[in-house]
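The values are calculated or read from the model by the stated rules, or taken from the named source; none is laboratory data. These numbers were taken from a predicted model, which means no experiment stands behind them. With ideal geometry, Cβ positions are generated from the backbone for all residues, glycine too; neighbour counts draw on all protein chains shown. Protein only, heavy atoms only, side chains kept; ligands, DNA and RNA dropped before computing areas. Shrake-Rupley method; radii C 1.70, N 1.55, O 1.52, S 1.80 Å.
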Amino acid sequence: MSRLVLPSELSRAALEEIVSTVQGLLYLDLGQDDREFWNPAKDWNSWDVCRAIQERLQRYGLVPGEEQDCTPPTTAHPAMSTADLVAWAQSQGLSPEDLDDEIHDQVGVAASNLNNRGLSAQIEFLVQQFGAAETQKLLTDLVSDNAPCGTTS
């Protein structure tokens, strides 16, 4: 039997993905012009929403496979500092390569969450990472790359 994961054990990226999914299911709507918008009165089907939420929770081990006691196990380990975790991982023979796939997965989740928040959030992120001037250059390059042949901006 696999142990039910507690929300407190999830990464911030996982929590953000779950909340973003629920928020999108309940309020992200598509207009007649195929424009996405936040709609507090969105019409949704409770069965579809509940099923989608269950699937998202299942991805992170938050759905019990069978009946389980809801009292957290007393054998839980106290939280360790980052330095303690690094020392422990090294003592177990882990190397940076052992975490590569997990890091890629978590960054992918964070990127997907950011992309789902739309153009404003994407540009805000780019400005935070690279500054406004570099972001404007990147956007200008994208506009040029997307322009039909023979046109200029």
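So the values come out like this:
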| quantity | calculated |
| --- | --- |
| Order by protection proxy (mean Cβ within 10 Å, highest first), peptides 103-112, 9-18, 43-52 | 9-18, 103-112, 43-52 |
| Among A89, A132, A121, residue whose mean-square fluctuation peaks in a GNM of the chain (springs only between Cα atoms under 10 Å) | A89 |
| Simple Cβ-charge dipole of the chain, Lys/Arg +1 and Asp/Glu -1, about Cα centre, in debye nearest 20 | 360 debye |
| Cα-based equivalent ellipsoid of segment 10-74: semi-axis lengths in Å, sorted from largest, via gyration tensor | 30, 14, 9 |
| Of P40, P64, P96, the one that fluctuates the most in a GNM where the chain has Cα springs shorter than 10 Å | P96 |
| Mean ellipticity per residue at 222 nm, deg cm²/dmol - from DSSP H runs of n ≥ 4 across the chain, formula -39500 (n - 2.57) | -18500 deg cm²/dmol |
| Listed residue (L85, Q54, P96) projecting farthest to the positive dipole end of the chain, Cβ model | Q54 |
| The chain, accessible surface, carbon-and-sulfur percent (1.4 angstrom probe) | 56 percent |
| Alpha carbon convex hull of the chain, volume per residue in cubic angstrom | 212 Å³ |
| Listed residues R35, R117, R59, most fluctuating in the chain (Gaussian network, C-alpha, under 10 Å) | R35 |
